[in-house]
Amino acid sequence: MPTNLTNYLESILNPRGCFRTLDGIFARCGENGEPLFSSAEYTVKFETEWQNRRYRLICFLQESQSLLNRVRALVSNPVIQQCPYLAPTRYLDREMLVFDDMGHAAYHDVVLQEADEGIRLDKVLLECSMKNDAETPGKLLRALYDLSCWMHGHGIVHNNIRLVNVQVLRGETLRLINFESAQAVSDDRKEHTTDPYAIDNLALANLAIVLYLASCNPRLYGQLRHTILHRLHDLRKILPELCRRAESMGHEALFELTCTIRNNNGKLKGRERLNSLLKRLIDHGPVQDEQLREILLSPLDKGKAPQRDLAFRPIAPKQEGVGEGFPAYDWKSGVYDTLVRVEHRGKYFYTDRNGKRAIDREYDFAYDFYEGRAVVVVGDNYALIDREGTPVIPFICEDLEWDPFTGTAKVMIDGKWGLFDRSGQPLVPMKYDWMGGSGDGLIVARIGEQYGYIRKDGSEGIPFIYEDAFSFEKGKALVELNGEQFSIDTEGHRI
């Protein structure tokens with residue numbers, strides 16, 4: 001029976017008689033009295049309470065037997081159940097009574113996941129920044145090392161570790177709040193030439209750099225999160241200078257870690273080597289270095305003109321100043337597209353140059369407007385909004401990058417990547433496991449374990465035959481095939 005969000009809302013808001021075993025469950029509501037939930041393409045997650053404990057009730061928006069079978073197998077896997085870094089989860093067959101638009105009723109499978117009273121890692125680090133607390137980030141770095149070792153030792157991959165998905169429990173324990181993409185790696189796959197941990201490795205390495213920098217100078221986090229640290233892949237923009245400074249300082253662990261992750265294509269091979277680097281980083285301890293601080297705070301694109309040939313790179317339009325008498329908010333940006341991005345009391349919103357609200361809604365994070373569009377974040381979900389605050393791409397995205405030069409948005413939904421235009425219309429279907437940067441009109445992407453290149457319209461530019469591939473620049477790109485690395489031109493010919 002086809003179901004949509006409205007169908008589920010009707011049942012969760014009137015739960016009496018709608019559940020077989022979860023008698024007494026009810027939806028938690030926000031200050032506006034509306035139920036708390038987040039939705040994606042295939043699922044909706046309701047914040048609920050049952051027997052005086054908080055849970056996430058995960059419902060499936062589309063009838064997909066393959067999806068249900070995969071989630072059921074995942075939840076019932078003993079290794080996943082025993083993982084201390086994933087919230088305890090139960091799969092309940094035919095649990096929730098739902099009426100469709102025609103008034104026909106049927107029981108649907110749901111997933112019930114414990115919701116700990118944890119605090120998002122970003123919020124913890126921001127509090128550390130305000131209190132100049134360097135000890136907590138150091139403890140969390142050790143906790144990240146423990147997580148990395150445990151999941152590798154027990155054969156678990158997650159494939160969607162991001163700053164917004166990490167919570168801190170009891171001050172120093174980490175937990176990944178999204179389990180859907182996790183899986184237990186079979187012995188056969190462990191022996192495969194492709195590293196099944198490669199995607200997690202990159203995310204863990206980036207998180208480690210963030211935590212280490214926060215342990216060196218916690219006050220920097222409050223400044224850096226406005227530019228590069230909220231989305232971990234943005235951190236790589238400063239890695240070349242960071243790498244050179246670490247080498248000049250003789251900080252071998254930091255140097256090797258930054259060199260390892262500065263040139264990557266969405267994956268990083270070698271978990272054992274990564275764990276060794278994390279341990280060495282912890283053993284070295286934090287450093288106090290003024291040049292390191294200057295590198296981190298320096299404008300990322302200072303003196304550089306934007307390159308229109310390369311999509312998904314940051315641009316730096318001329319920043320205008322705000323008007324006199326601008327309100328004393330906690331933080332404000334410059335004026336971009338006549339709007340100012342403001343943070344106040346942990347929320348972001350937009351004002352005009354005089355500080356008057358231009359868009360009513362507040363966000364958990366927000367980015368500056370470019371060419372009439374801005375990326376905003378609420379909870380775990382990203383959206384692309386216009387200057388009136390209307391989402392042109394709704395809050396169903398796990399990640400989203402807006403490229404104003406080409407008028408396209410690179411979007412991840414349910415772990416798959418695709419492209420949308422500025423009006424929110426799909427250009428490229430959501431079928432890619434990773435999408436990187438673009439150059440010379442070609443976007444590097446991955447399907448399964450194979451890399452190739454697509455054009456903005458979704459057509460295949462160069463076949464998906466490579467084991468590794470990197471973005472084009474000045475007419476050539478580095479690829480790997482059969483263990484050999486070489487460069488190709490935009491036609492796919494070996495150079």
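The values are calculated or read from the model by the stated rules, or taken from the named source; none is laboratory data. If you're wondering where the values come from, they're calculated on a predicted model, not measured in any experiment. Glycine also receives a Cβ, built like all others from the backbone with ideal geometry; neighbour counts cover every protein chain displayed. Only protein heavy atoms, including side chains, enter the accessible area calculation; ligands, DNA and RNA are left aside. Shrake-Rupley method; radii C 1.70, N 1.55, O 1.52, S 1.80 Å.
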Quick one, can you get me the convex hull of the C-alpha atoms of the chain expressed as volume per residue in Å³? 162 Å³
Phi-derived 3J(HN,Hα) across region 353-364 with the Karplus relation (6.51, -1.76, 1.60, θ = phi - 60°), rounded Hz, x for Gly and Pro, is 5, 9, x, 7, 4, 9, 10, 5, 6, 10, 10, 6
Considering only protein heavy atoms and a probe of 1.4 Å, how much of the accessible area of region 127-181 is carbon and sulfur, as a whole percent? 47 percent
Tail weight of P(r) past 22 Å, computed on alpha-carbon pairs of region 112-219, percent: 33 percent
Heavy atoms of the protein only, probe of 1.4 Å, neighbouring chains included. What is the accessible area of D468 in Å², nearest 10? 20 Å²
Counting only heavy atoms of the protein chains, get the accessible area per residue of the chain (1.4 Å probe) and round it to a whole Å² value. 46 Å²
Among the aspartates and glutamates, which fall within straight-line cross-link reach of K139, defined as a Cα-Cα distance under 17 Å, with same-chain neighbours fewer than 8 residues apart omitted? D122, E127, E172, D283
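In debye to the nearest 20, how big a dipole does region 1-151 give about its Cα centre with +1 on each Lys and Arg Cβ and -1 on each Asp and Glu Cβ?
400 debye
As a quick test, which of the pairs K416/K474; K45/K347; K332/K356; K269/K474; K416/K456 have an alpha carbon distance above 20 angstrom in this structure?
From K416/K474; K45/K347; K332/K356; K269/K474; K416/K456, over 20 Å: K416/K474; K45/K347; K269/K474.
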Take the alpha carbon atoms of region 143-175, find their center, do the same for region 60-137, and report the distance between the two centers in whole angstrom. 15 Å
Name the residue farthest towards the positive end of the dipole of region 1-76 from the options A27, L67, S39, assuming +1 on Cβ of Lys and Arg, -1 on Cβ of Asp and Glu, about the Cα centre. L67
extent check for region 1-59: Cα max minus min per principal axis, descending, whole Å, gives 30, 28, 16
Give me the Debye-computed log₁₀ of I(q)/I(0) at q = 0.17, 0.21, 0.25 Å⁻¹ for region 413-465, equal point scatterers on Cα only, no solvent, two decimals. -0.46, -0.71, -0.98
Radius of gyration and Dmax over the Cα atoms of region 33-115, both given in Å: 13.5, 43
Inter-site label distance for R170 and R94 at 7 Å from Cα along Cβ, in nm: 4.0 nm
Cα Rg, Dmax (largest Cα-Cα span) when computed across region 6-156, Å: 18.4, 58
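Tell me which DSSP H helices of the chain clear both cut-offs, 18 Å or more of axial length from alpha-carbon atoms and a mean Kyte-Doolittle hydropathy of at least -0.5.
For the chain, where a helix must reach 18 Å along its axis and average at least -0.5, the hits are 135-153, 198-216.
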Could you look at region 40-92 and say what percent of its accessible area is carbon and sulfur, using a 1.4 Å probe and all protein chains? 45 percent
Computed over region 354-495, the convex hull of the Cα set has an average projected area, in nm², of 9.5 nm²
For T3, T21, the accessible-area ranking with a 1.4 Å probe, largest leading, is T21, T3
Can you tell me the relative contact order of the chain? Whole percent, Cα pairs under 8 Å, sequence separation 6 or more. 8 percent
Of the heavy-atom accessible surface of region 357-445 (probe 1.4 angstrom), what whole percent is carbon and sulfur? 47 percent
